[in-house]
Amino acid sequence: MKLLIKNGMVIDPGQKFESRADVLVVDGKIAEVKPGIAAAGAQVIEASGKMVVPGLIDIHTHLREPGHEEAETIASGTRAAAHGGITTILCMPNTHPPIDNAPAVEFILLKAQKEGIVNVFPIGCVTKGSMGEELAEIGVLKRTGVVAISDDGNPVMNSQVMRRALQYAKMFKLPVISHCEDRNLTKNGVMNAGYTSTSLGLRGIPRQGEEVMVSRDIMLAELTGGFLHIAHVSTAGSVDLIRQAKKKNIQVTAETCPHYFTLTDDVVKNYDTNTKMSPPLRGAADVAAIKEGLRDGTIDCICTDHAPHTEEGKNKEYDLAPFGIIGLETMLGLVVTELIETKVLSWSEAIAKMTILPATLFNLAGRGTFKIGYHADITIIDPKKEYAYTAADFKSKSKNSPFIGRVLRGFPEITIVGGTVVWPAPMKP
Amino acid sequence: MFNHKDLLDLEHLDKKEIELILETAKPFKSMFTRSIKKVPTLRGKTVVNLFYEPSTRTRTSFEIASKRLSADVVNVAVANSSVVKGESLIDTGKVLEAMKADFIIIRHSLAGAPAILARNLNARIINAGDGFHEHPTQGLLDMYTILEKKKRIAGLKVLLVGDILHSRVAKSNIWALKKMGADVRVVGPPTLIPPAIEDFGVKVFYDLDEALKDVDVINILRIQLERQQDNLFPSVHEYVALYQMNGDRLRLAKHDVLIMHPGPMNRGIEISSEVADSAAAVINEQVTNGIAVRMAVLYLLSGQKDKI
């Protein structure tokens with residue numbers, strides 16, 4: 001089986017490669033990257049005028065299976081990923097039941113193999129049941145296949161538990177992904193605290209609700225030498241804390257999501273619950289600081305925090321609606337439109353944050369770059385194509401996106417996983 | 001002239017529209033002293049009072065206002081309704097619409113509930129207080145009362161006292177007062193002052209004695225005693241010491257100061273009986289004016305062109 005992608009602009013930050021070239025795939029692996037490859041009998045994809053990049057990796061997805069299959073399944077979530085140009089997802093363990101034991105991890109892996117169309121790597125719980133009290137069997141989870149641990153959705157409120165998690169997971173080189181939120185400070189809050197929350201009469205969440213925990217976790221990373229990864233950075237203060245920690249060579253990495261560099265809390269103004277997520281949308285100064293953090297490398301990865309919720313779940317009073325928005329299908333378009341076209345990041349810098357950097361931080365062997373022999377996970381992007389999604393366009397079972405109708409550029413035209421085209425393709429539900 | 005489907009807040013009304021409502025309320029109020037206090041304006045229209053929170057004064061006021069306009073009024077007691085069986089707000093609204101409700105007057109403990117109904121229904125929605133957001137008809141009746149007593153609003157100094165953070169009355173007052181050109185002050189402990197309130201153009205005070213100097217109107221907000229559990233203030237005893245509007249404080253104020261309270265009052269807590277029953281207090285007139293203002297709102301929203 002040979003596949004030849006011809007005449008595209010290949011952007012592979014992992015190899016510091018950015019040039020017009022062909023990419024040859026043989027038996028699901030990268031065989032050669034250079035201009036003018038001739039391969040007899042190969043299926044040919046003409047990619048002139050397109051960007052050819054290593055398959056995008058989303059390190060923060062909620063697949064909802066098991067437990068909330070009405071919102072998303074491994075089958076639907078991986079199709080949404082393929083539709084968004086994403087070839088690998090790391091799925092969060094806050095399912096029902098949570099992924100805190102080996103059989104649960106095996107369930108995800110098996111389901112992904114049977115019904116998924118992109119690569120799925122599970123993240124395991126830090127604590128049993130994500131309750132924040134007793135450590136989960138981190139070593140067993142690691143052996144079964146988790147690539148990180150996190151109680152995402154919840155913070156590990158007890159500092160001693162977080163300390164032990166960072167300390168213990170160090171021996172497996174497992175990153176501990178921290179959902180930084182001081183629940184006492186954020187209690188009952190539903191949006192960023194500020195002018196808009198006051199005018200809407202909604203309870204505010206102060207930035208410090210995140211930043212207090214970012215600073216605590218950085219201190220614990222320094223204490224333990226563990227691998228700390230800060231999830232969904234949303235405030236200027238967090239960016240600054242992480243920047244200072246990196247200067248002190250503390251082992252900390254960070255991610256943010258497209259909504260935090262695109263939207264501010266004023267979009268909440270019609271009580272649209274598709275603007276409700278945790279952490280909440282912040283102010284313009286935070287958006288600017290997030291962009292600066294992406295630019296100077298303080299923020300390593302861009303991810304989705306894809307959090308599907310049903311229509312009936314979301315179409316209700318703002319206080320009662322659950323936190324979270326979907327993101328798999330809009331990440332690439334928002335990165336291109338909001339970061340690349342505005343010159344915050346170059347193509348290479350932006351693609352790195354969705355390919356080689358996540359692959360390296362989470363030890364995803366054989367992925368994230370076009371090395372000979374690596375898995376042929378490839379995303380082909382039409383950089384110029386303008387498009388806007390309706391709710392019906394999303395492959396995700398859930399439609400809770402604040403970006404419906406928003407004009408995007410940078411279209412994921414073809415998604416290839418292990419040498420097989422998964423989008424566009426006959427996509428079973 | 002008044003081109004709105006719903007009345008959800010005062011934030012999105014302009015000065016002219018507020019003035020129109022206040023002007024329209026005047027003839028309705030003059031009607032109250034007649035032997036027949038009723039006009040046929042809304043004959044054949046159905047008004048539903050959908051109250052998710054207990055309320056005596058606002059619900060009764062809307063009911064009387066509707067009846068004086070000859071509308072048919074239905075009160076939905078939420079505690080006995082399908083809501084307790086788990087029906088969603090939108091579905092409840094759709095049921096009422098299917099029963100051909102022309103107006104739904106909603107009181108809800110959560111901000112934005114009226115906006116959600118307005119978005120999902122064709123019926124006209126009037127916000128009778130939603131969470132910590134707004135209570136627009138209260139704001140309007142406060143404007144009416146101030147205007148009636150002081151003959152103007154522009155240039156007056158108006159002080160709001162107490163729990164600004166959780167007060168929808170404060171929010172609606174601030175919007176209306178600012179639009180009408182008043183100089184607005186708020187006073188309360190920092191824990192009960194909402195974020196970024198200065199950006200609404202109000203001046204923040206912590207000391208009541210200092211704040212009430214030279215003001216023309218003092219609007220005292222109800223303090224909810226359960227706030228103390230969230231450590232927003234240490235005790236009722238301390239709140240009374242720092243923020244109760246009492247006789248001594250009244251004597252620090254201008255001699256012609258107007259004392260207002262949206263009710264229901266906690267006598268002896270945020271307001272002493274001496275003040276509540278003083279000549280400066282217009283608390284009962286606020287209630288009377290509330291009916292006239294609500295009649296004006298119903299009338300204007302109904303889009304009737306004929307003269308009252």
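At a Förster radius of 60 Å, what calculated FRET efficiency corresponds to the Cβ-Cβ distance of B:Asn122 and A:Lys173, to the nearest 0.05? Intermediate values should be presented prior to the final figure.
On the way: r = 60 Å, r/R0 = 1.00.
The computed FRET efficiency comes out at 0.50.
Given charges of +1 on the Cβ of Lys and Arg and -1 on the Cβ of Asp and Glu, with all other atoms neutral, how large is the dipole of the protein assembly as shown about its Cα centre, in debye to the nearest 20?
Magnitude of the dipole: close to 1320 debye.
How far apart, in nm, are two points set 7 Å out from the Cα along the Cα-to-Cβ line at B:Lys150 and at B:Ser30?
Placing both labels 7 Å beyond Cα along the Cβ direction yields 2.5 nm.
How would you classify region A:281-397 from its alpha-carbon gyration tensor, with a ≥ b ≥ c the square roots of the eigenvalues: rounded for a/c under 1.5, else prolate if a/b is greater than b/c, otherwise oblate?
Prolate is the answer for region A:281-397, as a/c is 1.5 or above and a/b outweighs b/c.
In terms of the Cα gyration tensor, with a ≥ b ≥ c the square roots of its eigenvalues, is region A:55-361 rounded because a/c is under 1.5, prolate because a/b exceeds b/c, or oblate?
Rounded, since a/c falls under 1.5.
How far, in degrees from 0 to 90, does helix A:236-247 lean away from the longest principal axis of the Cα atoms of chain A, to the nearest 10?
Computed tilt is about 70 degrees.
Mind listing which trypsin sites (Lys or Arg not before Pro) in region A:4-62 are in a DSSP loop and have 16 or fewer other Cβ atoms within 10 Å?
In loop regions of region A:4-62 (DSSP not H, G, I, E or B), the sparsely surrounded trypsin sites (Lys or Arg not before Pro) are A:Lys16.
Please give me, ordered by residue number, the chymotrypsin sites (Phe, Trp or Tyr not before Pro) of region B:159-239 that lie in loop per DSSP and have at most 16 other Cβ atoms within 10 Å.
Those satisfying the criteria are B:Tyr206.
Using the crude model of +1 on Lys and Arg Cβ and -1 on Asp and Glu Cβ, and no other charge, please compute the dipole size for region B:136-286 relative to its Cα centre, in debye to 20.
Values: 18 positive and 20 negative charges, 108 e Å.
So the magnitude is around 520 debye.
With n ≥ 4 as the cut-off for DSSP H runs, can you work out [θ] at 222 nm for the protein assembly as shown, using -39500 (n - 2.57) per run divided by the number of residues, rounded to the nearest 500?
Mean residue ellipticity at 222 nm (helix-derived): -9000 deg cm²/dmol.
Roughly what % of DSSP beta bridges within chain A run antiparallel, to the nearest 5?
50 percent
Percent relative contact order of chain B, based on C-alpha pairs within less than 8 angstrom and at least six residues apart?
20 percent
Among A:Lys248, A:Lys395, A:Lys276, determine the one that fluctuates most according to a GNM of chain A built with springs between C-alpha atoms less than 10 Å apart.
Taking springs between Cα atoms under 10 Å, the residue moving most is A:Lys248.
Can you list the residues, at least 5 places off or on another chain, whose amide H is less than 5 Å from the amide H of B:Met245, using H built in the peptide plane?
Close amide H contacts, sequence-distant or interchain: B:Ile271, B:Ser272.
Give the residue list of chymotrypsin sites (Phe, Trp or Tyr not before Pro) in region B:28-60 that are DSSP loop and have at most 16 other beta-carbon atoms within 10 angstrom.
Filter output for region B:28-60: B:Phe32.
Given R₀ = 25 Å, what would the calculated FRET efficiency be for A:Asn184 paired with B:Ser235, taking r from the Cβ atoms and rounding to 0.05?
Result of the calculation: an efficiency of 0.75.
What does the structure give for A:199-212 when I average, per residue, the other chain Cβ atoms found within 10 Å of the residue Cβ? List each step's numbers first, then the result.
Numbers: counts 13, 11, 16, 6, 6, 4, 0, 1, 0, 0, 0, 0, 0, 0.
Averaged over the peptide's residues, the number is 4.
Taking springs between alpha-carbon atoms closer than 10 angstrom, which of B:Gly181, B:Gly44, B:Gly162 fluctuates most in the Gaussian network model of chain B?
Its mean-square fluctuation being the largest, the pick is B:Gly44.
Check which residues have an amide H placed less than 5 Å from B:Lys203's amide H, if you skip close sequence neighbours.
The answer is B:Val184, B:Arg185, B:Val186.
Is the shape of the protein assembly as shown best called rounded, prolate or oblate, per the rule: a/c under 1.5 gives rounded, else a/b larger than b/c gives prolate, else oblate, with a ≥ b ≥ c the square roots of the Cα gyration tensor eigenvalues? Provide the component values of the computation, followed by the final result.
Numbers: a/c = 2.56, a/b = 1.98, b/c = 1.29.
Taking the square roots of the gyration eigenvalues as a ≥ b ≥ c, the protein assembly as shown is prolate.
For chain B, modelled as a GNM with alpha-carbon contacts under 10 angstrom, which of B:Gln286, B:Gln228, B:Gln244 fluctuates the most?
Fluctuation is largest for B:Gln228.
Between B:Lys85 and A:Glu70, what is the label-point separation in nm under the 7 Å Cα-to-beta-carbon projection?
The two pseudo-label positions are separated by 1.8 nm.
Can you give the charge dipole size of region B:18-93 about its Cα centre, rounded to the nearest 20 debye, using +1 on the beta carbon of Lys and Arg and -1 on the beta carbon of Asp and Glu?
On the way: 12 positive and 7 negative charges, 113 e Å.
Dipole size: approximately 540 debye.
So for region B:51-129, taking the charge dipole from beta-carbon charges (+1 Lys/Arg, -1 Asp/Glu), which of B:Ile64, B:Phe51, B:Val95 sits furthest toward the positive end?
B:Ile64
Helix A:208-224 sits at what angle to the longest principal axis of chain A, using alpha carbons and giving 0 to 90 degrees rounded to 10?
70 degrees
Return, ordered by residue number, the residues of region A:170-213 whose backbone nitrogen is under 12 Å from a label point located 7 Å along Cα→Cβ of A:Arg406.
Under cut-off, by backbone N: nothing.
Chain B: longest stretch without exposed trypsin sites (Lys or Arg not before Pro) (DSSP loop, at most 16 other Cβ within 10 Å), sites themselves excluded?
It works out to B:153-212.
To the nearest 0.05, how large is the calculated FRET efficiency for A:Asp296 and A:Ser48 if R₀ is 41 Å and r is the Cβ-Cβ distance?
About 0.75, to the nearest 0.05.
Determine the alpha carbon to alpha carbon distance for each of A:Lys316/B:Lys171; A:Lys170/A:Lys248; B:Lys67/B:Lys150; B:Lys38/B:Lys94; A:Lys128/A:Lys397 and list only those over 26 Å.
Correct reply: B:Lys67/B:Lys150; B:Lys38/B:Lys94; A:Lys128/A:Lys397.
Every read-out reported here was derived from the displayed coordinates using simple, explicitly stated rules and does not represent laboratory data. Treat the numbers as computed from the prediction; the structure is a model and nothing was measured. Methodologically, a virtual Cβ is constructed for each residue, glycine included, from the backbone with ideal geometry; neighbour enumeration extends over all protein chains shown.
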